[in-house]
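A short worksheet on the structure shown next.
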């Protein structure tokens, strides 16, 4: 199957049992999620296509703490501290 050249796919070289090396074209992974406050990369948030994210369970998509999937753990701690001080 011949796939046209495209920057939206990545080349994956696969070795067949016959010893030949062929090229498979697979979709690229999206960029990692970032904290909305400091811009640091978020841990515990899956990095997949929209179809993969849709089929993942709720606990795989993001952490279950407050602001999970939006703020990093450091910024979450600071935000909770500041909210407690202001009350």
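Could you tell me how many of the residues in the range 27-41 are out of contact with any helix residue (DSSP H, G or I) (no Cβ under 9 Å at 6 or more places or on another chain) and surrounded by 10 or more Cβ atoms within 10 Å (Cβ to Cβ)?
We begin by selecting, within the range 27-41, every residue out of contact with any helix residue (DSSP H, G or I) (no Cβ under 9 Å at 6 or more places or on another chain); these are 27-29, 31-34, 39, 41.
In the following step, the residues that additionally are surrounded by 10 or more Cβ atoms within 10 Å (Cβ to Cβ) were identified as 27-29, 32-34, 41.
Of the residues in that region, 7 qualify.
Can you name the residue in the range 45-59 that is part of a helix (DSSP H, G or I) and more than 11 Å from the chain's Cα centre (by Cα) and is also farthest from residue 33 (Cα to Cα) among such residues?
The qualifying residue farthest from residue 33 (Cα to Cα) is 55.
Considering only residues that are more than 15 Å from the chain's Cα centre (by Cα) and part of a loop (DSSP other than H, G, I, E, B), which ones fall in the range 60-87?
From the range 60-87, those more than 15 Å from the chain's Cα centre (by Cα) are 64-67, 73-87; that's our starting set.
Selection gives 64, 65, 66, 67, 87.
Specify the residue that is nearest to residue 52 (Cα to Cα); the eligible residues are those in the range 1-28 that are modelled with pLDDT of 90 or more and not in a strand (DSSP E or B).
The residue in question is 16.
Anything in the range 49-87 that is in contact with a helix residue (DSSP H, G or I) (Cβ under 9 Å, 6 or more places away or on another chain) and either farther than 30 Å from residue 8 by Cα or loosely packed, with under 10 Cβ neighbours inside 10 Å (or both)? List them, or say none.
Selection gives 64, 65, 66, 67.
Output the residues belonging to the range 29-44 that are in a loop (DSSP other than H, G, I, E, B) and either touching a strand residue (DSSP E or B) at 6+ places or on another chain (Cβ under 8 Å) or free of Cβ contacts under 8 Å to residues at least 24 places away in the same chain (or both).
Passing the criteria: 29, 30, 31, 32, 33, 35, 39, 40, 42.
The values are calculated or read from the model by the stated rules, or taken from the named source; none is laboratory data. Predicted, not measured: the structure shown is a model, and the values here were computed from it. As a convention, Cβ positions derive from the backbone with ideal geometry for all residues, glycine included, and neighbour counts pool all protein chains shown.
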